[in-house]
Amino acid sequence: MSVSQGAHSAFSLRLAGKIDRVDWSTYKMLCDRPDYWSRWMLDQVEALLAQLQQQELLAALRQHRAVSPLPQPADHKGPAQTHMYQLSLPLAQRRLVLAAVEQAHAQGLTTAATRGRGLGGFVEAWREYVAFSDPLAELGEQGKWSQDN
């Protein structure tokens, strides 16, 4: 099933259940939202939380990550690290992860994949996610996109 283009694409995607493909317009719109994260970025944040011995936050991050990645447009060529996952962390946990990422940045911590580039953009991305308010959140669990429905 494909999601049609239009003003309600994100809403349709979130309520549609099993979806195997999205169009580029919808994909780009969702990937620009602060609650969608690349597998690469999530892997780096998980590694930082492990270094900081933040096991509870690490477990929460894993628990609130969508099980399946956002379906990609048919001609998407990116590797698995570019797959996008929706996060549904409660605000209090978002703030705690932001504080941990800020701590890691202040301490100069890196991961194997960020050693050469540092954590540029990590703090900003988490600040955006903390400030993010999802207008569809009021729908509860039935309003969340899930390929596993």
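Below is a table of values for the structure above.
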read-out	value
Extreme residue, surrounded by the fewest Cβ atoms within 10 Å (Cβ to Cβ), among residues of the range 53-74 that are touching a helix residue (DSSP H, G or I) at 6+ places or on another chain (Cβ under 8 Å) and among the charged types (D, E, K, R)	Arg62
Flag for Ala92 being surrounded by fewer than 17 Cβ atoms within 10 Å (Cβ to Cβ), assigned to a helix (DSSP H, G or I), modelled with pLDDT of 95 or more and not acidic (Asp, Glu)	no
Pairs where the first residue, in the range 93-111, is in contact (Cβ under 8 Å) with a residue 24 or more places away in the chain and over 10 Å from Leu52 (Cβ atoms) and the second is of a type in the set (S, T, N, Q) and not in a helix (DSSP H, G or I), C-beta under 9 Å, 6+ apart	Leu96/Gln54; Val97/Gln54
Only listed residue being surrounded by 13 or more Cβ atoms within 10 Å (Cβ to Cβ) and at pLDDT 95 or above, chosen from Leu98, Leu119	Leu98
For Ala112: the one exception among (1) closer than 14 Å to Met41 by Cα; (2) touching a helix residue (DSSP H, G or I) at 6+ places or on another chain (Cβ under 7 Å); (3) in a loop (DSSP other than H, G, I, E, B); (4) not aromatic (Phe, Trp, Tyr)	(2)
Residue selected from the range 122-138 under the condition under 17 Å from the mean Cα position of the chain (by Cα) and at pLDDT below 90, by the criterion surrounded by the most Cβ atoms within 10 Å (Cβ to Cβ)	Asp134
Selection count, the range 77-87, where residues are surrounded by fewer than 14 Cβ atoms within 10 Å (Cβ to Cβ) and assigned to a loop (DSSP other than H, G, I, E, B)	3
Where Gly108 falls short, out of the listed (1) within 21 Å of Glu124 (Cβ to Cβ); (2) more than 14 Å from the chain's Cα centre (by Cα); (3) surrounded by 14 or more Cβ atoms within 10 Å (Cβ to Cβ)	(3)
Unique residue being modelled with pLDDT of 95 or more and surrounded by 14 or more Cβ atoms within 10 Å (Cβ to Cβ) when the list is Leu42, Leu30	Leu42
Residue in the range 44-67 that is touching a strand residue (DSSP E or B) at 6+ places or on another chain (Cβ under 7 Å), over 13 Å from Ser88 (Cβ atoms) and in contact (Cβ under 8 Å) with a residue 24 or more places away in the chain present	no
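The values are calculated or read from the model by the stated rules, or taken from the named source; none is laboratory data. As the structure is a prediction and not an experimental result, all values here were calculated from the model. Positions of Cβ are backbone-derived with ideal geometry, glycine not excepted, and every protein chain shown enters the neighbour counts.
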